[in-house]
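Okay, structure first, notes after.
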Amino acid sequence: MKTFAPLVLLAALTLTAAPALAGSAEQAERIGAAFVLVLGRAPAAGEIERWSQPDRRSVAELVVRLQTQVDAAGWQAAADQACADAFGREPTEAERSARAAGRQTYTALMKQHVHWLAEHPAEYAKVIGRSYQLVLGRAVFDVELAYWQAQPPLSFALLNGCIENWARRNAPGLTVTSGRATVSVNSEWLTAIRLSPAVAAEARAAAGLFPAGDVHLAVANGQNVVAAGAGGVDSAGGIHFVAAGK
């Protein structure tokens, strides 16, 4: 019996540690989701460690807590990020002044910007053009412009990811963009944090970001990107993730 005691002890420690490690990873996902939703960026390693203490909190609780601790510079950075991610450009001085005292989250601003693009198709066409120039290094074709304008508008950041994914799937011999809009968690144009389905559901509820139509059907079909305007976008491989631009 004594010969096997160390092995038994090791097995017991492994079984005990497994739930703790899983819980730690899940909490890191929650913290990452909260930072992206509120500030439009991933947390630094030190921030993950600090926000993991003293206890476990839901994404919604982390979002509320984070909002109380953001300073003026942090809110301005979030507003600047939202402008860049929505329109593919820096904010004007007038826009920066208007947002300076707003204390609105990155996601709240992104929702407003995407809604504004839906009401201003000429401006959305400019955003689409910027995305093609950045990702493919060419002007958008008329048929491609018509393709994107026939769908609910996407942010500049999501357009970048979708166009990148299409190009990778269809190279060589690229023709015009077509098919379902799809984006990868590994897109070089996105800050993306992979989430478990349970944490993704928390993040959606916390930010009010849900897929188009029936939620359960949309999730089953792979519409698992948690971001403003991403309700109709497929996630490559069905992976759940929260995203902002880079």
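Summary table
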| quantity | calculated |
| --- | --- |
| Label point distance in nm, K246-D55, each placed 7 Å from Cα along Cα→Cβ | 3.9 |
| Local electrostatic count at V199 - Lys and Arg +1, Asp and Glu -1, tallied over other residues with Cβ under 9 Å | -2 |
| Table column - 3J(HN,Hα) (Hz), the stretch 184-193, Karplus curve with 6.51, -1.76, 1.60, x for Gly and Pro | 9, 4, 9, 4, 6, 9, 10, 8, 10, 10 |
| Fully extended contour minus Cα-Cα distance, from R138 to E119, at 0.36 nm per residue | 4.3 nm |
| In order through the stretch 199-206: 3J(HN,Hα) via Karplus (6.51 cos²θ - 1.76 cosθ + 1.60), integer Hz, x for Gly, Pro | 5, 4, 5, 4, 5, 4, 5, 5 |
| Karplus-derived 3J(HN,Hα), 6.51/-1.76/1.60, for each residue of the stretch 26-35, Hz, glycine and proline x | 5, 5, 4, 4, 4, 5, x, 4, 4, 5 |
| Potential extension, R103-K126 segment - 0.36 nm per residue separation minus Cα distance | 5.5 nm |
| Residues Q112 and N170, FRET efficiency given R0 of 45 Å [Cβ-Cβ distance, rounded to 0.05] | 0.85 |
| FRET efficiency, 1/(1 + (r/R0)^6) with R0 41 Å, evaluated for E95 and S24 via beta carbons | 0.55 |
| Amide H within-cut-off set for T191, under 5 Å, with H built and near neighbours excluded | A244, G245, K246 |
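Coordinate-derived values only; no laboratory data. What you are looking at is a predicted structure, and each value in this text was computed from that prediction instead of being measured. Glycine also receives a Cβ, built like all others from the backbone with ideal geometry; neighbour counts cover every protein chain displayed.
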